[in-house]
Amino acid sequence: MRKRWISLLAAGLLIGGVLTPASPALAAPTFKVPFPCNQSWSGQTRSDHSPAYAVDFNRTDDLGDPVVASAPGTVDRVTDLGGTSYGKYVRINHGGGYSTYYAHLNGFNVSVGQTVGYGKVLGWVGSTGGSTGPHLHYEQRLNGSDIQVRFNGTLGLYWGTKTYTSDNGCSSGSGNGTVDTSGTPLTVRSGPGTGYSSVGTVADGTRVTIACQTTGTTVTGTYGTSSIWDRIGSGRYISDAYVYTGYDGYIPGVPRC
Ligand SMILES: [Zn+2]
C-alpha cells in the first residue's frame, strides 16, 4: 500500500534485474499454451489435419473465449479470408524464423505491427473460415514450415488429444512488505477479512513475504482505506491497509489468490 519515492528506486532495480540476461539469438522461443493463465484446453492433433502439425483447441462453451500470444513477438498478419481456410487469423513473428498462427477467430484485438508479450489477447475463439464449430486452430512454424508444437519446450501429443494447462501470462513472483501499525501488533486472519478468525499477530515493523493478494473486507489503516488482503502464509492473511509495499493497490507481478 501507498507509493512513496523509495518505491521508484526499488522498481528501477527490479526492472534492471529482469532485463539483464538476453536470450541467445535464433533460439526457439519458449512457446506457451495460447490461452490465459490456469485455463485447461483440449488440444487435438491428427494426421489428416492441414497442416499436419497444427493443433485444434477446444473447451466447453469456448465460443468467444480469449486467445493469447504464445510467445513475445510482432503481429505481422491480421487477415480475414472470409468463409474459407483460416477465416479470421493472426500471425505473430517471433524472430529467428519462428511464427505462430491463430485461426478461425471471432474477432481481432491486435493490429499489424503491434508488439505483443505473453498473455496478450489477440482475439477470440470463433468458427470463421472453413470451420464447422468453434475452436482455435493453432500452428507453430519455422521458416514457413509447420513444426510439431512445443509448450515450455515439451513436445505436444502426436497423434491424439491431450489436455494442456496454460501458464501463459501467469504472475510468478511474490512481493514484500513491511507491517506498519504505529505500535500495535497486527491481527492475522484465516481468510481475507475481519470476519475470519484470528490466527495470530505480526509485530509492527515485521517484514512479510506476500504470496498473493485478494479482495476482502475494506479496512482503514496506516496507509488509508483498502479492500486488499495479503496472504503471508497458508491460511494467514493481513489487511494491506497496514502494509507498506511501495504500491497503491495490487503489487505488480504478485498473483491474485
Ligand atoms: Zn485446425
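The values are calculated or read from the model by the stated rules, or taken from the named source; none is laboratory data. For clarity, every value in this text was computed on a predicted model and none was experimentally measured. Heads up, the Cβs are rebuilt from the backbone with ideal geometry, glycines too, and the neighbour counts pull from every protein chain shown. Ligands, DNA and RNA are excluded from the accessible area calculation, which covers all protein heavy atoms including side chains. Shrake-Rupley method; radii C 1.70, N 1.55, O 1.52, S 1.80 Å.
Descriptive notes on the structure:
- Alpha-carbon radius of gyration plus Dmax, which is the widest Cα pair, for the stretch 28-99 in Å: 13.2, 36
- Helix 5-19 axis, angle to the chain major axis (alpha carbon atoms, nearest 10°): 30 degrees
- Distance between modelled label sites at N93 and A203, nm, 7 Å Cα→Cβ extension: 6.0 nm
- About the Cα centre, charge dipole magnitude for the chain (Lys/Arg +1, Asp/Glu -1 at Cβ), debye: 340 debye
- Amide H contacts of C212 (H built 1.01 Å from N, under 5 Å, at least 5 apart or other chain): R231
- Diffusion coefficient (Stokes-Einstein, Kirkwood radius over C-alpha pairs, 4 °C, 1.567 mPa s) for the stretch 111-257: 69 µm²/s, rounded to a whole number.
- For the chain, the percent of C-alpha pairs falling in each 5 Å distance bin, counted from 0 to the bin holding the largest distance, reads 1, 6, 11, 14, 13, 11, 9, 9, 9, 7, 5, 2, 1, 0.
- Taken over the chain, lysine pairs spaced eight or more positions apart, or on distinct chains, with alpha carbons under 24 Å apart number 5.
- Across the stretch 169-254, Cα-Cα pairs more than 18 Å apart make up 33 percent of the total.
- As a fraction of the 1.4 Å probe accessible area of the chain, surface on carbon and sulfur atoms comes out at 52 percent.
- Highest average packing first - 237-244, 151-158, Cβ atoms within 10 Å: 237-244, 151-158
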